[in-house]
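Read the structure below first, then the notes.
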There are 2 protein chains.
Amino acid sequence: MRGTIPAVGIRDRLPRRVTIVEVSPRDGLQAEERILPTETKIALIERLADAGHTVIETTSFVSPKAVPQLADADELFKRLRQRPGVRYPVLVPNERGLERAMAAGATEIAILASASESYSRKNLGRSRAEAMEMLRPVARRAKDQGMRMRAYLSMAFADPWDGPTPLDVAVDAGRALLDLGADELSIGDTIGAATPGKVQDLVDAYLASGVSADRLAVHFHDTYGQGLANVLAAMELGVSVVDASAGGLGGSPYARGAAGNLATEDLVWMLEGLGIRTGIDVRALAATAVWICGELGRETPGRAARALAAPPA
Amino acid sequence: MRGTIPAVGIRDRLPRRVTIVEVSPRDGLQAEERILPTETKIALIERLADAGHTVIETTSFVSPKAVPQLADADELFKRLRQRPGVRYPVLVPNERGLERAMAAGATEIAILASASESYSRKNLGRSRAEAMEMLRPVARRAKDQGMRMRAYLSMAFADPWDGPTPLDVAVDAGRALLDLGADELSIGDTIGAATPGKVQDLVDAYLASGVSADRLAVHFHDTYGQGLANVLAAMELGVSVVDASAGGLGGSPYARGAAGNLATEDLVWMLEGLGIRTGIDVRALAATAVWICGELGRETPGRAARALAAPPA
């Protein structure tokens, strides 16, 4: 060839390794109407681990009334055979949830708060300040028990009622979660409104506030198709933990349109193409995505999953 | 806020202005089974111009047998009221097509060649060398007439039969089209296989070979969901012309999976979010995308279009 590869391209700015947090069993399923049997959920988790996933968010110990799909959290987690080398975080909304999670044998939890006031009140049923006070004893007990803890910050970029989330509000809310003892903060674009420049603004604001990139994760929704481009922008600033959902399952019931989480297969396709190893077999993952969407009686939203599962041309 | 926006983020490396080449009336429709009336196609073009598009690829003067959907090219183009400030390129495959395009009043054409041998033989019915010889008199006549001419290079990254396209092969094939007199080369990822690092490799190879960024355009398909991330990667190297299709319509019949072109609304959403003005009203465009997909009797593949057209939550 005539040219040579230049010294600084996108790849030179990206992390060498990316950890994918697979959220389909919890975030992906929670809003689905068709209630799956516990054994199907366990089969999903097993297939994800077979495909090479090392972090699988397994379920949520919320009230069964609030999220009927995850009412089997206790039974599911007890029946799960945990594999060495795979982490199985579970979402806990409050102390009662933490107790259930510990009784079921969980060793890693996730907590969640909203950067916006309206979403906090409508989705979590309390103000941001009240939510933080409720989480404080949860976090303390979890850390006392030596549990790993990640934290989700919802509506970090915008909220359907409050509009764009100011940078300082998002940074303060996320730092408050880290100050509770969270090992990692997942910056959540719950309604999929972010674009790559906004992503860099917020990640930069965290970095400028003293939070290091290795404590940050990103969690994008594909409502407007921006998920992968946003991941690329975040990775350019050193973020190396990315949440995604097999088949693109999930999506906030509060978001307009039907789009869900960033599809894990699309993400793996990009990372492997960039020479960043994920350890995940994209074809096995795509087959799993198509299978679970079949169990849910719906089409697979993820693009790579559909393409890889299609019969040869 | 605590931090300050750093001196160099993605936005600092991006072009200030991006021209979108809207390809839905040609590339978007050509493989659709339901044949649309000419008046519906004209309504589509008018609505795209109403939404703010300034470059609309209108039709193709191919053989009606090869592409039944575009058999009305002559009538359509004659009936079209061309607006000042809007360009209406048409695809011409050969001299006969050029004659028809000129008779219909076209002032800008697009020609097409394949970077891979197999696609050239299977899709264009001749070898790459033969295809280039066939295009030579077309290009000469078009330039003699003072027509603007863009060129598409298909399979610039990979081909379903031949596998990855070597960089030097893609660069040589694209330069041959520019040497024919093309004002602009659209680098086409016909099967959607590219990822951002590969995009930068190829754009860099063109730049290293002496082709300036302002003569390059990119044309991505969303088979594996990579379209927008690839655009971002290309823009980082100075590419400022991007092909896209309203609603994500289109898609090579030779690609696995059902994914089509990059959806224009997703692209506009990203660009506007990055502070790059497109002049396009994304909501008017989304409504047009949903409308034309309804005329075709199919779901709208584009994500932003679906989200923007959904009823409020």
Could you grab me the full set of residues in the stretch A:254-265 that are within 7 Å of chain B (Cβ to nearest Cβ) and modelled with pLDDT of 95 or more? A:Ala263
Residue identified as more than 14 Å from chain B (Cβ to nearest Cβ), free of Cβ contacts under 8 Å to residues at least 12 places away in the same chain, outside any loop (DSSP other than H, G, I, E, B) and of a type outside the set (D, E, K, R) among A:Ala43, A:Ala49: A:Ala43
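Could you tell me whether B:Gly181 is on the phi > 0 side of the Ramachandran plot, surrounded by fewer than 24 Cβ atoms within 10 Å (Cβ to Cβ) and either aromatic (Phe, Trp, Tyr) or touching a residue at least 24 places away in the same chain (Cβ under 8 Å) (or both)? If you could, list the steps in order and put the result at the bottom.
On the way: on the phi > 0 side of the Ramachandran plot: yes; surrounded by fewer than 24 Cβ atoms within 10 Å (Cβ to Cβ): yes; either aromatic (Phe, Trp, Tyr) or touching a residue at least 24 places away in the same chain (Cβ under 8 Å) (or both): yes.
Considered against the rule, which asks whether it is on the phi > 0 side of the Ramachandran plot, surrounded by fewer than 24 Cβ atoms within 10 Å (Cβ to Cβ) and either aromatic (Phe, Trp, Tyr) or touching a residue at least 24 places away in the same chain (Cβ under 8 Å) (or both), B:Gly181 comes out as yes.
Taking A:Leu124 as the residue in question, decide whether it is touching a strand residue (DSSP E or B) at 6+ places or on another chain (Cβ under 9 Å), at pLDDT below 95 and surrounded by fewer than 24 Cβ atoms within 10 Å (Cβ to Cβ).
Details: touching a strand residue (DSSP E or B) at 6+ places or on another chain (Cβ under 9 Å): yes; at pLDDT below 95: yes; surrounded by fewer than 24 Cβ atoms within 10 Å (Cβ to Cβ): yes.
Taking the combined requirement at face value, the residue satisfies it.
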Determine whether the stretch A:262-274 contains at least one residue that is out of contact with any helix residue (DSSP H, G or I) (no Cβ under 6 Å at 6 or more places or on another chain) and in a loop (DSSP other than H, G, I, E, B). no
Answer yes or no: is there a residue in the stretch B:69-81 that is at pLDDT 95 or above, within 28 Å of B:Glu130 (Cβ to Cβ) and assigned to a loop (DSSP other than H, G, I, E, B). yes
Got a sec? Which of B:Asp201, B:Asp183 is within 20 Å of B:Ile109 (Cα to Cα) and of a type in the set (D, E, K, R)? B:Asp183
Test of understanding: among A:Asp27, A:Asp74, A:Asp12, A:Asp50, which residue is acidic (Asp, Glu) and in contact with a Ser or Thr (Cβ under 7 Å, 6 or more places away or on another chain)? A:Asp27
Tell me, yes or no, whether the stretch A:240-253 has at least one residue that is over 16 Å from the mean Cα position of the chain (by Cα), assigned to a loop (DSSP other than H, G, I, E, B) and of a type in the set (A, V, I, L, M, F, W, C). no
Only one of (1) assigned to a helix (DSSP H, G or I); (2) surrounded by fewer than 14 Cβ atoms within 10 Å (Cβ to Cβ) does not apply to A:Leu98, and that is (2)
If you scan the stretch A:280-313, which residues turn out to be modelled with pLDDT under 90 and either surrounded by fewer than 22 Cβ atoms within 10 Å (Cβ to Cβ) or of a type in the set (Val, Ile, Thr) (or both)? A:Arg298, A:Glu299, A:Thr300, A:Ala309, A:Ala310, A:Pro311, A:Pro312, A:Ala313
Select from the stretch A:271-309 the residues that are more than 10 Å from chain B (Cβ to nearest Cβ) and among the acidic types (Asp, Glu) and list them in ascending order. A:Asp281, A:Glu295
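Can you go through A:Val231, A:Val239, A:Val218, A:Val211 and tell me which one is buried (at least 24 other Cβ atoms within 10 Å of the Cβ), modelled with pLDDT of 95 or more and more than 22 Å from A:Arg26 (Cα to Cα)? Don't jump to the end; show me each part of the working.
On the way: A:Val231 fails: more than 22 Å from A:Arg26 (Cα to Cα); A:Val218 fails: more than 22 Å from A:Arg26 (Cα to Cα); A:Val211 fails: buried (at least 24 other Cβ atoms within 10 Å of the Cβ).
Of A:Val231, A:Val239, A:Val218, A:Val211, the one residue that is buried (at least 24 other Cβ atoms within 10 Å of the Cβ), modelled with pLDDT of 95 or more and more than 22 Å from A:Arg26 (Cα to Cα) is A:Val239.
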Determine which member of the set A:Gly188, A:Gly227 is more than 12 Å from every other protein chain (Cβ to nearest Cβ), closer than 22 Å to A:Pro301 by Cβ and of a type outside the set (D, E, K, R). A:Gly188
Could you tell me whether the stretch A:31-49 includes any residue that is within 30 Å of A:Glu236 (Cβ to Cβ) and among the β-branched types (Val, Ile, Thr)? no
Might you let me know whether the stretch B:178-193 holds any residue that is under 24 Å from A:Glu272 (Cα atoms), of a type in the set (A, V, I, L, M) and modelled with pLDDT of 95 or more? yes
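Given the residues B:Val268, B:Val199, which is the only one that is more than 8 Å from chain A (Cβ to nearest Cβ), over 27 Å from B:Val86 (Cβ atoms), buried (at least 24 other Cβ atoms within 10 Å of the Cβ) and in contact (Cβ under 8 Å) with a residue 12 or more places away in the chain? I'd like the intermediate steps shown before the answer.
On the way: B:Val268 fails: over 27 Å from B:Val86 (Cβ atoms).
Residue meeting the stated conditions: B:Val199.
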Somewhere in the stretch B:6-25, is a residue in contact (Cβ under 8 Å) with a residue 12 or more places away in the chain and over 27 Å from B:Leu274 (Cβ atoms)? no
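Right, B:Ser186: among the polar types (S, T, N, Q) and either within 24 Å of B:Glu133 (Cβ to Cβ) or more than 19 Å from the chain's Cα centre (by Cα) (or both) or not?
Judged against the criteria, B:Ser186 is a match.
Could you grab me the full set of residues in the stretch A:47-68 that are acidic (Asp, Glu) and under 18 Å from the mean Cα position of the chain (by Cα)?
Of all residues in the stretch A:47-68, those acidic (Asp, Glu) come to A:50, A:57.
The answer is A:Glu57, and nothing else.
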Please go through the stretch B:158-178 and give me each residue that is of a type in the set (A, V, I, L, M, F, W, C), buried (at least 22 other Cβ atoms within 10 Å of the Cβ) and more than 10 Å from every other protein chain (Cβ to nearest Cβ), ordered by number. B:Ala173, B:Leu177
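The values are calculated or read from the model by the stated rules, or taken from the named source; none is laboratory data. Keep in mind the model is a prediction, meaning the values are calculated, not measured. So basically every Cβ, Gly included, is an ideal-geometry build from the backbone, and we count neighbours across all protein chains shown.
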